[in-house]
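Everything on this sheet refers to the single structure shown next.
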Amino acid sequence: MPDQITESKITINDFTRMLASGQNFSFTKFGDGEVRCMRNWLYGENIDGDKYNYWLSKSLKKAFINLAGRPNVYIGRWHVPALVEYLFKFAKKNGIKTINWVNYHFVMNASPIKGTTDFDSFSNDGLLNFVTTIKNSHRKKIFFSNGDNSELKEFFSADIFIETKKNNWSYEYDKYYKQVKEECKDGAILIIAAGMCSKVLISDLLNEFAMTCVDIGSGFDLIATGKYSRPWSHSYEDEMKYYKSILPVDW
C-alpha cells in the first residue's frame, strides 16, 4: 500500500467526543459496491439491488476525491485489499496524500461475519454512547432513508425524516438532493442510510454547509425492521438488549 496514504487512529469514542463538543465531522464508507461501480458501471448491482450506472460511477469518483481530501471526513475502509488498493491509487492520482481511514464497521451494529475482519460492536458501549449522544443533541437532526427504516427517526430522535426510494434513487438525484438541502443548515446532523448514492449526497452537502453527516448504511436495518439485511452472527434480541437503556418504551 502507498506510504502517502495513512490510516487514522480515530475511534468511535472520538466521534462521540466530537458530537458532544459540537465539532463537525463526517463519516461514510466505500465498500465493494461503490468501488465496483466506480471501476465498471456497465453491469451489476450491489447487495441491496442498487444498480450501477454511468452517472453514479462518475459521481462516486468525484465524491471520493472530495471527501478523501477533507480533514474532518473519515472513511470506512473495506476489508478486501484489492478494492482498497484501487482507491489508494485513485486518490494518489488525484493528488490526495492522506486519507482518514477508520474501521469500516465503526457505526453499525456489527458482529463477526465469515470472511471479513473480526468486529463486535457489542463488546463495549462505544456505539451505544455514540447513538445516545446523537439522541441527546439539540442540533437539528435529519434522517434520510427508505421507508423500511422510518422507525429510526424516533430511535435517533431526529427532527425530520425524508424518505427515499429503496433502490436506484440516483436516477432522481436532483429531486432528493433538493429535498435534503432545504432542511440542512450549518451545524445540522444528517443521519443517512440510503445506499451507494449516500456518498454523493454527503459530498455535495459538505460543499454547501458546515455540518455533520453520519452514514450508517445497513448497520441499523435489523433493529429497525426485525429482519436481516446482512448475515450477522448476532440476533435482533441482542440489539434490543444492547440499546435497552435508550429505546422508546413502545419499541
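Just so you know, all these numbers are worked out from the coordinates, no wet-lab data involved. Treat the numbers as computed from the prediction; the structure is a model and nothing was measured. Methodologically, a virtual Cβ is constructed for each residue, glycine included, from the backbone with ideal geometry; neighbour enumeration extends over all protein chains shown.
Find how much the distance from Tyr171 to Tyr228 grows on full extension, using 0.36 nm per residue of separation minus their present alpha carbon separation; answer in nm with one decimal.
On the way: separation 57, 0.36 × 57 = 20.52 nm, distance 2.64 nm.
Residue separation times 0.36 nm, minus the Cα-Cα distance, leaves 17.9 nm.
Length gained on full extension, Asn40 to Thr116: 25.0 nm, using 0.36 nm per residue less the C-alpha separation.
Axis angle, to the nearest 10 degrees, between helix 173-183 and the longest C-alpha principal axis of the chain: 50 degrees.
Legend: calculated FRET efficiency, Asn207 to Lys92, from the Cβ-Cβ distance at R0 = 25 Å, rounded to 0.05, equals 0.65. The C-alpha atoms of the chain define a longest principal axis, and helix 126-136 lies at about 70 degrees to it. Considering the zone a paramagnetic label at Ile246 would reach in this model (a point 7 Å from Cα along the Cα-to-Cβ line), which residues of region 15-31 have amide N under 12 Å from it? Flagged as within label range: 16-17, 19-20. Potential lengthening of the chain between Val80 and Lys51 amounts to 8.3 nm, from the contour at 0.36 nm per residue minus the alpha-carbon distance. Between Asp125 and Arg70, the C-beta separation translates, for a Förster distance of 45 Å, into a calculated FRET efficiency of about 0.95.
Return the loop-located trypsin sites (Lys or Arg not before Pro) in region 1-84 (DSSP other than H, G, I, E, B) with at most 16 other Cβ atoms within 10 Å of their own Cβ; answer none if there are none. Could the numbers behind the result be given before it?
On the way: sites: Lys9, Arg17, Lys29, Arg36, Arg39, Lys51, Lys58, Lys61, Lys62, Arg77; in loops: Lys9.
The qualifying sites are Lys9.
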